[in-house]
1. Just for segment 88-107: of the residues that are in contact (Cβ under 8 Å) with a residue 24 or more places away in the chain and in a loop (DSSP other than H, G, I, E, B), which one is most open to solvent (accessible area, probe 1.4 Å)?
2. Which condition number in (1) open to solvent by 100 Å² or more (accessible area, probe 1.4 Å); (2) under 47 Å from the mean Cα position of the chain (by Cα); (3) modelled with pLDDT under 75; (4) not β-branched (Val, Ile, Thr) is the one that ARG113 fails?
3. For TYR42, are the conditions met, namely being of a type outside the set (Gly, Ala, Ser) and modelled with pLDDT of 90 or more?
4. Those residues that are surrounded by 10 or more Cβ atoms within 10 Å (Cβ to Cβ), under 17 Å from VAL154 (Cβ atoms) and modelled with pLDDT under 60, I need them from segment 166-184; list them, please.
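The values are calculated or read from the model by the stated rules, or taken from the named source; none is laboratory data. Only a predicted model underlies this, so the values are computations on that prediction, with no experimental measurement involved. Neighbour counts are summed over all protein chains in view; Cβ atoms, including those assigned to glycine, are modelled from backbone coordinates with ideal geometry. To get the accessible areas, we keep the full protein, side chains included, count just its heavy atoms, and leave off ligands, DNA and RNA. Shrake-Rupley method; radii C 1.70, N 1.55, O 1.52, S 1.80 Å.
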Amino acid sequence: MHDELSARQAAIRLRLAGENIEAICQTLNRSESWFHKWWRRYMDVGPAGLYDLTRAPRQVTNRTPPHIERAIISIRKRLTKRATAETRYGLVGAEQIRAELENLGYTPLPSARTIERIVNQAGLSCPPLQLAPRIARTEYPGPQAQDSNQVHQVDFVGPRYLKDDKTRYYFLVCRDIFDQAVYI
């Protein structure tokens, strides 16, 4: 490869010095079509034209369509906002995004790995954990205490076992739930 590049450069130097094409080809042991190819590239591009061109295809045939990439990014952003009760503790990964794309009827449906790649390229792969503002709580229906010792909470704990004893023991834990009291 390096010898080939130096041969191309030598051919161009000799031609620029006014050397005859046939003499250049005999000196470098190359054909005239070889010389004309590299001379044309030199004239079009300059010294950079003497390097080999990539053989990779110019267009990727199995590329994810841009409208699906935009949909993946917008779904990911919506899920990471955690703005609704359904998305507050919901999943935000590739499988969740793929399920939403399927529900929306997108075709062709990309694989989970393709979705992860698109999310990584968009810089959304590790979003900071941000919970939405607290959702308004509905009050639990039940008796409201106006004073201490009016309402109690009782929890039933058990069964508990003692060592070398097969008897079941249950415990009742009682707590005064009047917590609106204002202490002065």
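1. Top of the filtered list is TYR106.
2. Among (1) open to solvent by 100 Å² or more (accessible area, probe 1.4 Å); (2) under 47 Å from the mean Cα position of the chain (by Cα); (3) modelled with pLDDT under 75; (4) not β-branched (Val, Ile, Thr), the lone unmet condition for ARG113 is (3).
3. So TYR42 fits the description; yes.
4. If the condition is that a residue be surrounded by 10 or more Cβ atoms within 10 Å (Cβ to Cβ), under 17 Å from VAL154 (Cβ atoms) and modelled with pLDDT under 60, then no residue fits.
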